Amino acid sequence: MMKLWGTRFSQSQSELLELFNASIDFDKTLYKQDIKGSKAHAKGLFKIGILTKEELDSITAGLERVQKEIEEGKFVFKLSHEDIHMSIETRLTELIGEVGKKLHTARSRNDQVALDFSLYCNEENAYLQNLILELITTLTNLASLHTTTLMPGMTHLQHAQPISFGFHLMAWVASLKKDYLRFKSAKERNDECPLGSAALAGSVYGNDRDFVAKELGYTRASMNAMESVSSRDFALDLSYAIATLMMHISRMAEELILWSSYEFKFVSFSDEYSTGSSIMPQKKNPDVAELLRGKSGRTFGNLMALLTVLKGLPLAYNKDMQEDKEGVFDSVATAKISLLILKASLETLSIHKENMLAMCQKGHLNATDLADFLVKEHAIAFRDAHHIVGRCVLKAESLGLDLSQIDLHELKDLLPKDVDFKVLKKTLDLNSCMERRDTLGGTASSQTLSQIEEIKQWLKQTLNS
Ligand code: ARG
């Protein structure tokens, strides 16, 4: 079969090259965007007098028939048609005859593929933004039930200071809000239409690029034709936003894995979102969280692969760029299912408050508060207070007790003579320690509640905009 571009060739293509060169196996994912782009292009051609109204109507109807064939599984994808662009154009001409051959006036596959892929990235970006907002909603609702649920806050994975479970969840939400904004800004930055850039230099037909851009839902046409067919910034931005999101998700997943272990038992996954072992009958494994942690890796790889494909390429289009798609498709699919399953498993998670509380009684979570008490009530310099508390911790450990459990009179010799033990006892109460951090962004339940309120307001505004 003769290629659409085949006239200047006297020998037919080797089968091996056909196999090597074709992208149809994966770029058929872009059929909808390709058809949408072709319809807008045809309208543009009509606007500048290249197509008559009948020709436009015939092409539009033909493209709709092609779409239907694809969606009904009747379309035959052939390796010999190389890619989705030539597959659709070939079939269109088979269906509507000669007029189909006019569609490729004033465009090239170079601006066509840039358009299809940019449309795909922007559409998937919008979908992922919604999924992120849904996950944020789930987490914020869960957090609002746990603003006073004490749990040990950690640094270096060692007990540090008491926090609430709700406060911890709102830390995740803060990351996810930044992720959302990263997706949003990626979409805004790449809100420009490549179509009409043609091969690299624009066209001689006077295309109304702004008209076509608006038809396709962009706010503007790209500035420079050569940059526009050479750039995959829209795909890089999306890949980076996904990689960062997945990095955040992997950290949440890691905490869920730790928390669901016997050593912590802060949470349990529902049976619906847990798996078993083929040999150990008792096992209930957090595979969901482990896969979430693991899947982040491929999205980092996809980002790196795309950067590497593009590195050092001269302008404009180079066939290397055909390698741009599969990794992005993979990252998008990975992010989608990850966001969905994380949300679903959080909605069915059991929270074991009593175990969180019990673990707060280990690791002297109130030690900093004792030092702060000495600073505030006894005018001791913080560094000296730190030394005094260090000695108190040693003493408590020698008695096999936690600072939250010890009878404070045991520490009498280490503390100032005039210590008021009643006040001190209240000061060291774990709940008071958590509530005392009442600075903006701190652990106090009022602060967590105001974070929750802020996010709820923001969600409302964002969902209405
Ligand atoms: N299949 C190609 C790709 O995915 C389409 C663009 C081809 N352009 C060209 N001049 N060969 O990048």
One finds, for residue 258 and residue 381 with R0 = 41 angstrom and r their Cβ-Cβ distance, a FRET efficiency to the nearest 0.05 of 0.65
Which trypsin sites (Lys or Arg not before Pro) in region 375-429 sit in a loop by DSSP (not H, G, I, E or B) and have at most 11 other Cβ atoms within 10 Å of their own Cβ?
417
Could you grab the relative contact order for region 294-387? Cα pairs under 8 Å, six or more apart, rounded to a whole percent.
20
What is the set of long-range amide H partners of residue 285 at a cut-off below 5 Å, with H atoms built 1.01 Å from backbone N?
275, 276
From Cα coordinates alone, what are the radius of gyration and Dmax values for region 181-326 in angstrom?
22.3, 72
Just read off the accessible area of residue 200 with the full protein assembly in place, 1.4 Å probe, to the nearest 10 Å².
80
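Take every Cα-Cα pair in the chain and report what % of them are more than 31 Å apart.
Values: 61847 of 107880 pairs.
Tail of P(r) above 31 Å: 57 percent of Cα pairs.
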Once phi is turned into ³J(HN,Hα) by the Karplus curve 6.51 cos²θ - 1.76 cosθ + 1.60 with θ = phi - 60°, what whole-Hz value does each residue of region 69-76 show in order, with x for glycine and proline?
4, 5, 6, 8, x, 9, 6, 9
For a quick check: with amide H placed at 1.01 Å from N, whose amide H comes under 5 Å from residue 221's, ignoring anything fewer than 5 positions away on the same chain?
193
Taking 51 Å as R0, compute the FRET efficiency from the Cβ-Cβ separation of residue 74 and residue 355 and round it to 0.05.
0.35
Please report the relative contact order for the chain, taking Cα pairs under 8 Å with a sequence separation of at least 6, and give it as a percent rounded to a whole number.
16
From the backbone phi of region 280-294, what are the Karplus-calculated ³J(HN,Hα) couplings (6.51 cos²θ - 1.76 cosθ + 1.60, θ = phi - 60°) in whole Hz, Gly and Pro given as x?
9, x, 7, 6, 9, 9, x, 4, 4, 5, 5, 5, 4, 5, x
Out of the total accessible area of region 117-231 (probe 1.4 Å, heavy atoms of protein only), what percent is carbon and sulfur?
54
Which value at 222 nm does the chain reach when only helices count, each DSSP H run of 4 or more adding -39,500 (n - 2.57), with the total divided by all residues and rounded to the nearest 500 deg cm²/dmol?
-20000 deg cm²/dmol
Give the Kirkwood hydrodynamic radius (Å, one decimal) of region 328-401, defined as one over the mean of 1/r across all pairs of different Cα atoms.
16.4
Trypsin sites (Lys or Arg not before Pro), restricted to region 151-253: which are DSSP loop and have at most 15 other Cβ atoms within 10 Å?
none
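Can you tell me, using C-alpha contacts under 8 Å and at least 6 residues apart, the relative contact order of region 225-373 as a whole percent?
On the way: 142 pairs, mean separation 48.8, N = 149.
Rounded, it is 33 percent for region 225-373.
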Work out, in µm²/s and without decimals, the Stokes-Einstein translational diffusion coefficient of region 169-252 at 25 °C, 0.890 mPa s, Rh from Kirkwood over C-alpha pairs.
168
For residue 395, what is the net charge nearby, where nearby means another residue's Cβ is under 14 Å from its Cβ and Lys, Arg count +1, Asp, Glu -1?
-3
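What Kirkwood hydrodynamic radius do you get for region 90-152 when you take the inverse of the mean 1/r over all pairs of distinct Cα atoms, in Å? Intermediate results must be reported in sequence, preceding the final value.
Details: mean 1/r = 0.0613 Å⁻¹.
Kirkwood radius, region 90-152: 16.3 Å.
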Listed by chain and number, the residues whose amide H is under 5 Å from that of residue 348, excluding neighbours fewer than 5 places away on the same chain and using placed H, are none
Residue 219 versus residue 391, label points 7 Å from Cα toward the beta carbon: distance in nm?
6.5
How many nm separate the modelled label positions at residue 145 and residue 462, each set 7 Å beyond the Cα in the direction of the Cβ?
2.2
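Would you kindly state how much longer the chain becomes between residue 10 and residue 282 on full extension, computed as 0.36 nm times their sequence separation minus their alpha carbon distance, in nm to one decimal? Please report the intermediate quantities before stating the final value.
Values: separation 272, 0.36 × 272 = 97.92 nm, distance 6.90 nm.
Separation in residues times 0.36 nm, less the Cα-Cα distance, equals 91.0 nm.
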So what is the accessible area of the chain per residue, in Å², with the probe set to 1.4 Å?
49
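Can you give the alpha-carbon Rg of region 1-147 over 2.2 N^0.38 Å, where N counts its residues? Spell out each step's value before the answer.
Values: Rg = 20.0 Å, N = 147, 2.2 N^0.38 = 14.7 Å.
Rg over 2.2 N^0.38 Å, computed on Cα atoms: 1.37.
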Per residue of region 237-254, in order, report the coupling 6.51 cos²θ - 1.76 cosθ + 1.60 (Karplus, θ = phi - 60°) as ³J(HN,Hα) in whole Hz, putting x for Gly and Pro.
4, 5, 4, 5, 4, 5, 4, 5, 4, 5, 4, 4, 4, 5, 6, 4, 4, 4
Between residue 211 and residue 425, 0.36 nm times their residue separation minus their Cα-Cα distance comes to what?
69.8 nm
Cβ neighbours within 10 Å, averaged per peptide: list 333-344, 162-173, 70-81 in order, most packed at the top.
162-173, 333-344, 70-81
Quick one: check the C-alpha center-to-center distance for region 432-461 versus region 297-340, whole angstrom.
38
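Report the gain in length on full extension from residue 319 to residue 94: 0.36 nm times residue separation, minus Cα-Cα distance, nm rounded to one decimal. Working shown, then result.
Values: separation 225, 0.36 × 225 = 81.00 nm, distance 2.74 nm.
Full-extension gain reported as 78.3 nm.
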State to the nearest 20 debye the size of the charge dipole of the chain about its Cα centre, where the only charges are +1 on K and R beta carbons and -1 on D and E beta carbons.
380
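By the scheme Lys and Arg +1, Asp and Glu -1, what is the net charge of all other residues having a beta-carbon under 15 Å from that of residue 4? Write down the numbers at each step before the final one.
Numbers: positive: 3, 8, 78, 91, 101, 102, 107, 109; negative: 18, 34, 82, 83, 89, 94, 98.
It works out to a net charge of +1.
The values are calculated or read from the model by the stated rules, or taken from the named source; none is laboratory data. Just so you know, these numbers come straight off a predicted model, no measurement behind them. In this analysis, Cβ positions are derived from the backbone assuming ideal geometry, glycine residues included, and neighbour counts consider all displayed protein chains. When the accessible area is computed, the model is the full protein with side chains, heavy atoms only, and any ligands, DNA or RNA have been set aside. Shrake-Rupley method; radii C 1.70, N 1.55, O 1.52, S 1.80 Å.
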